[in-house]
Amino acid sequence: MFDLSSLLNKSHRILVTGGAGFIGGAVIRRLLKDSEALVFNLDKIGYASDLTGVDSVLLDLGPNAVDRHQLLKADLASSKQTFDAVKNADPDLVLHLAAESHVDRSIDAPEMFLKSNVTGTFNLLQAVQSHWELLPQSRKESFRFHHISTDEVFGSLGDTGSFSEQSPYDPRSPYSASKAASDHLVNSWHHTYGLPVVITNCSNNFGPWQFPEKLIPVVILKAIAREPIPLYGNGLNVRDWLYVEDHVDGLLLAALKGKLGSKYCIGGNGERTNLYIVQQICSLLDQLRPIEKSYSCFIKPVKDRPGHDYRYAINSQLITSELGWMPRHSVDEGLLITIRWYLENLDWCKIVKDQAGYFGERLGEL
Ligand code: NAD
Ligand code: TDX
């Protein structure tokens with residue numbers, strides 16, 4: 001862990017986009033707890049948004065903290081809403097996390113991914129560029145725009161090798177194509193207009209407060225409901241799992257200390273097959289909430305995801321050697337914390353699913 005308060009002071013104004021989502025929420029909670037910076041949270045408040053986690057940290061920090069977080073409800077697909085929000089925030093640092101993030105939804109309804117992830121990033125870049133150009137010299141010099149992206153832009157690996165900063169782009173789903181486009185836009189604003197940017201490409205995150213449509217919360221909730229646990233295809237696809245708080249460490253380090261114009265790959269050294277993850281969750285549930293049989297009896301292979309990327313793995317050597325970042329949790333440690341959290345927050349899961357009109361049905365099947 002590094003000392004955030006030594007890098008950020010009271011006068012720092014930070015604009016976090018997507019701060020009502022899973023990773024953005026974790027970033028905001030960290031900024032509120034470990035610095036005195038002012039946080040502006042630009043979010044359209046979509047189906048996966050929820051501010052319960054941020055609100056509970058504000059409550060813990062007491063009445064003086066409330067003014068340090070401001071929600072700017074805005075849709076990045078709207079140029080006007082984006083310009084107004086950036087003007088209101090008047091930021092020294094932008095952490096851009098807002099995006100439609102679920103691969104299966106991008107298969108069913110790709111247009112929203114282009115609007116939010118491509119047009120949205122374009123609108124944000126335009127608004128931030130105008131803002132940056134008008135800043136007084138000292139604020140202009142220290143200003144940074146950090147774009148949070150994914151390893152999926154690099155495509156799919158075979159049985160060996162890993163993605164690094166040099167990997168060519170080869171996105172293969174509407175989601176990853178839209179994220180790749182956004183990476184290219186951010187890079188081009190740096191090279192063409194001089195905007196001071198940093199990009200990170202991260203592997204699969206997991207942890208508390210993740211909207212229960214992604215693999216790990218889906219498995220936990222299906223298992224305890226004694227419903228079939230859907231395992232796509234043969235279950236041998238591999239993801240490099242990273243506990244969300246470790247991603248927050250890495251992205252804040254890159255945002256504050258990374259070289260301008262650079263990109264950093266962030267991975268968990270956590271390569272596991274989906275079958276391993278699902279079986280491990282079942283075996284941890286067997287210990288934490290035993291029933292008359294093992295939860296693994298609910299695992300059910302189902303039709304594969306169309307265009308399912310086989311394997312992702314990240315080589316994090318650059319961010320480790322340059323910025324000293326390392327994941328602090330193993331996959332199994334993170335899973336245990338996460339499963340305990342979901343078991344204690346089943347009411348929250350029901351509320352956010354009901355609000356989103358999502359009831360655990362299969363998405364992206366075609
Ligand atoms: P999430 O879906 O939980 O949250 C995304 C948030 O962005 C939501 O609150 C949503 O309302 C907001 N948003 C979406 N479109 C918007 C728009 N047009 N205008 C304003 N707000 C909008 O996603 P997440 O898992 O927290 O991912 C955050 C970022 O990290 C994304 O950019 C994603 O591509 C990237 N990422 C995610 C992972 C992962 O495993 N979850 C891994 C690597 C990178
Ligand atoms: O029910 C399921 N069963 C299943 O086998 C679900 C939801 C998924 N899977 C498989 C598909 C993937 O191989 O599990 C793996 C993980 O799936 P997701 O949780 O949907 O994540 P993934 O598609 O890998 O993408 C995630 O990581 C990279 C995030 O959603 C992206 O936002 C991020 O960029």
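The values are calculated or read from the model by the stated rules, or taken from the named source; none is laboratory data. These figures come from a predicted structure and were not determined experimentally. With ideal geometry, Cβ positions are generated from the backbone for all residues, glycine too; neighbour counts draw on all protein chains shown. The accessibility values were calculated without ligands, DNA or RNA, using every heavy atom of the protein model including side chains. Shrake-Rupley method; radii C 1.70, N 1.55, O 1.52, S 1.80 Å.
Summary table below
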read-out: Reach of K350 by Cα under 17 Å, taken over lysines that are not fewer than 8 positions away in the same chain; value: K214, K222
read-out: Accessible surface of the chain, 1.4 Å probe, proportion on carbon and sulfur as whole %; value: 52
read-out: Å² per residue, accessible surface of region 154-312 at 1.4 Å; value: 37
read-out: In Å, descending, principal axis extents of the Cα set of the chain; value: 66, 48, 39
read-out: Lys, Arg +1 and Asp, Glu -1 on Cβ, resulting dipole of region 210-366 about Cα centre, debye, nearest 20; value: 220
read-out: Relative contact order, percent, the chain [alpha-carbon distance under 8 Å, six or more residues apart]; value: 18
read-out: Of F83, V118, H96, farthest towards positive along the dipole that unit charges on Lys, Arg, Asp, Glu beta carbons give region 1-127; value: F83
read-out: Order by protection proxy (mean Cβ within 10 Å, highest first), peptides 251-259, 139-147; value: 251-259, 139-147
read-out: Per-residue HN-Hα couplings for region 125-134 [Karplus 6.51, -1.76, 1.60; θ = phi - 60°; Hz; x = Gly/Pro]; value: 4, 4, 5, 6, 4, 4, 4, 4, 5, 8
read-out: The chain, helix-only ellipticity at 222 nm - DSSP H runs n ≥ 4, -39,500 (n - 2.57), divided by all residues, nearest 500; value: -12500 deg cm²/dmol
read-out: Distance from region 306-335 to region 239-266 (C-alpha centre basis), Å; value: 10
read-out: Average accessible area per residue (Å²) across region 21-152 - probe 1.4 Å, nucleic acids and ligands excluded; value: 41
read-out: Interchain or long-range residues, amide H under 5 Å from L242's placed H; value: N204, N205, F206
read-out: Built amide H within the under 5 Å cut-off of F211, gap 5+; value: F22
read-out: Square roots of 5 times each gyration tensor eigenvalue, C-alpha, region 240-366, largest first, Å; value: 31, 18, 17
read-out: In Hz, Karplus ³J(HN,Hα) per residue of region 188-197 (6.51, -1.76, 1.60; θ = phi - 60°; x = Gly, Pro); value: 5, 5, 5, 6, 8, 10, x, 4, x, 10
read-out: Net charge, Q81 excluded, C-beta distance under 13 Å - Lys, Arg +1, Asp, Glu -1; value: +2
read-out: Whole-Hz couplings from phi, Karplus 6.51/-1.76/1.60, listed for region 349-359; x for Gly and Pro; value: 4, 5, 4, 5, 5, 4, 4, 7, x, 10, 10
read-out: Distance between region 1-38 and region 51-92 - C-alpha centres, whole angstrom; value: 11
read-out: Amide H within-cut-off set for V198, under 5 Å, with H built and near neighbours excluded; value: F145, H146, H147, G261
